[in-house]
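Encoded as structure tokens, the structure appears first; notes follow it.
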Amino acid sequence: GKYEADELQMQMNLVKPGYTIFDVGANFGWYAIHLAKKFPKAKLFSFEPIPSSFKFLNENIKLNKVKNIQTVNSGLSDKKGIFDFYFDPDLSVNASLANVSGNEKSIKKIKCRLMKLDNFSREKKQMVDFIKCDVEGAELLVFKGGKKTIEKYKPVVFSEMLRKLTAKFDY
């Protein structure tokens, strides 16, 4: 109950009933499930490209009996296609387009699908009120791929930005 408590509380304070929420880098659904439970009229889209994390995300949603989360087995970026991701199979964190962990021994490379937030929003005719974005340094790429959507809907954006991670992406 104490995992990233401040970040969770801040999101709970920023989201309003009925919001459409994009959880980008959903991992196992920590934020999405808490938001879905507090705001049952909200509509959530959880984006997670890593197959094992995506599986845990769906299991966690089922275990928590929330019905207002749609999962998408894809990441968001400024490009669409299949790309190499780096992850530690023993952890559910630090999965990224770059090896942000610095650990060469346990890191595995896997192919994952990426799409643009703009394309998803347009194709699904989906507006957005709130974006939580935590993609281990590639946040700027997500925002570049969602520029039109962000300009159009002006969602609240809650994003992780750590210099040690963004440096891997040259910004």
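The values are calculated or read from the model by the stated rules, or taken from the named source; none is laboratory data. Small disclaimer: the values here were computed from a predicted structure and weren't measured. Note that each Cβ is placed from the backbone with ideal geometry, even for glycine, and that neighbours are counted across all protein chains shown. Each accessible area value is taken on the protein alone, full model and side chains, heavy atoms only, with ligands, DNA and RNA left out. Shrake-Rupley method; radii C 1.70, N 1.55, O 1.52, S 1.80 Å.
Tabulated data
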read-out: Of all residues making up the range 92-112, the number that are more than 19 Å from Leu162 (Cα to Cα) and surrounded by fewer than 16 Cβ atoms within 10 Å (Cβ to Cβ); value: 7
read-out: Cβ-Cβ under 9 Å pairs, at least 6 apart or on other chains, the range 28-52 side more than 28 Å from Phe83 (Cα to Cα), far side acidic (Asp, Glu); value: Leu35/Asp23; Ala42/Asp129
read-out: Which numbered condition Gln70 misses (of (1) within 14 Å of the chain's Cα centre (by Cα); (2) touching a residue at least 40 places away in the same chain (Cβ under 8 Å); (3) closer than 23 Å to Tyr153 by Cα; (4) open to solvent by 20 Å² or more (accessible area, probe 1.4 Å)); value: (2)
read-out: When residues of the range 1-57 are limited to those that are modelled with pLDDT of 95 or more and acidic (Asp, Glu), the one farthest from the chain's Cα centre (by Cα); value: Glu48
read-out: When residues of the range 133-171 are limited to those that are among the polar types (S, T, N, Q) and modelled with pLDDT of 95 or more, the one nearest to the chain's Cα centre (by Cα); value: Ser159
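Each row is one residue, and each column tells you yes or no for (1) open to solvent by 30 Å² or more (accessible area, probe 1.4 Å); (2) under 19 Å from Cys133 (Cα atoms); (3) out of contact with any strand residue (DSSP E or B) (no Cβ under 6 Å at 6 or more places or on another chain); (4) not in a strand (DSSP E or B).
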{"position": "Phe28", "(1), (2), (3), (4)": "yes, yes, yes, yes"}
{"position": "Tyr31", "(1), (2), (3), (4)": "no, yes, no, yes"}
{"position": "Pro40", "(1), (2), (3), (4)": "yes, no, yes, yes"}
{"position": "Phe54", "(1), (2), (3), (4)": "yes, yes, yes, yes"}
{"position": "Glu59", "(1), (2), (3), (4)": "yes, no, yes, yes"}
{"position": "Lys62", "(1), (2), (3), (4)": "yes, no, yes, yes"}
{"position": "Val66", "(1), (2), (3), (4)": "no, no, yes, yes"}
{"position": "Asp84", "(1), (2), (3), (4)": "yes, no, no, no"}
